[in-house]
Amino acid sequence: MCSNHFHCEGQLEETIANSFTRSANLRALLLKAECPPAIKNCSSIFAKLVHPDVRSATLFDISEFTITDDEELPDEVLGGLTPLKEPVYRALCTFFGNSPPRAAKSLSYFTINTRTFSIMSRHKGNSSVLIRQAADSKAESLPGHIEEIIQTSPIDVLFAVRFYKKRVARDPFPQYPVLRSSMWHLDLGQLVIVRPKDIECHFASLVVNWDGLECVAVVSLARVCASFV
């Protein structure tokens, strides 16, 4: 018998099962080619509701049912291939060192650990990223803007980024490392290809006049800071 103080036997288990089934169905819908655009555009919001790494312990216990980075996604995820723009193709040639694909799926945004990164034409703030320099793990990350996000295979997503070309000679910020800021000239370089794992975080920016030049002040938005006073 149920009461105000005790739940019916199996009621909690049924609630957990129903919640997991609904979240799994929503994830499956977002992966289908026929998913309505209105729902796809809200995928970053839905991810916060159904992603097993950012929800309660209930979903942690069944996280083995989710797709891992090593598993291939369904073929329909790569539906709608489009020819690559020439600057993106040239950047891919440099990145791969051989003949890359001429067509790929174009994405307007991509979510990594609940953080959404967008192409610049869609959202300038979400396109502003700091990129780790793979050759030197101790080197300062470089600021740039995401111009294209492409998916070349069911498990391979790449970012086409333009970096700020040159740091201001008299940058006032190095003496204040806790601010995690730097000053750059406004000129952007050529497109380069980076992988999602190379993206450190977003950054905030402000165009300022410094030493008579139009420059941009870059402030890291990393959630964790390794610098201490």
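Observations
- Breaking point among (1) at pLDDT 65 or above; (2) aliphatic (A, V, I, L, M); (3) closer than 30 Å to GLN190 by Cβ, for LEU78: (1)
- Qualifying residue in the range 145-162 (condition: surrounded by fewer than 15 Cβ atoms within 10 Å (Cβ to Cβ), within 27 Å of VAL208 (Cβ to Cβ) and not hydroxyl-bearing (Ser, Thr, Tyr)): no
- Residue match in the range 127-140 (condition: outside any strand (DSSP E or B), surrounded by fewer than 20 Cβ atoms within 10 Å (Cβ to Cβ), basic (Lys, Arg) and touching a strand residue (DSSP E or B) at 6+ places or on another chain (Cβ under 6 Å)): yes
- In the range 184-220, of all residues being part of a strand (DSSP E or B) and among the acidic types (Asp, Glu), the one that is surrounded by the fewest Cβ atoms within 10 Å (Cβ to Cβ) corresponds to GLU214.
- For the range 86-96, the criterion of being farther than 17 Å from LEU191 by Cα and free of Cβ contacts under 8 Å to residues at least 24 places away in the same chain is satisfied by no residue at all.
- Across the range 87-126, the qualifying residues are those that are over 14 Å from GLU200 (Cβ atoms) and of a type in the set (Phe, Trp, Tyr), and the one among them that is surrounded by the fewest Cβ atoms within 10 Å (Cβ to Cβ) is PHE96.
The values are calculated or read from the model by the stated rules, or taken from the named source; none is laboratory data. What you see is a predicted model, and the numbers here were worked out from it, not measured in a lab. No Cβ is skipped: glycine too gets one built from the backbone with ideal geometry, and neighbour counts run over all protein chains shown.
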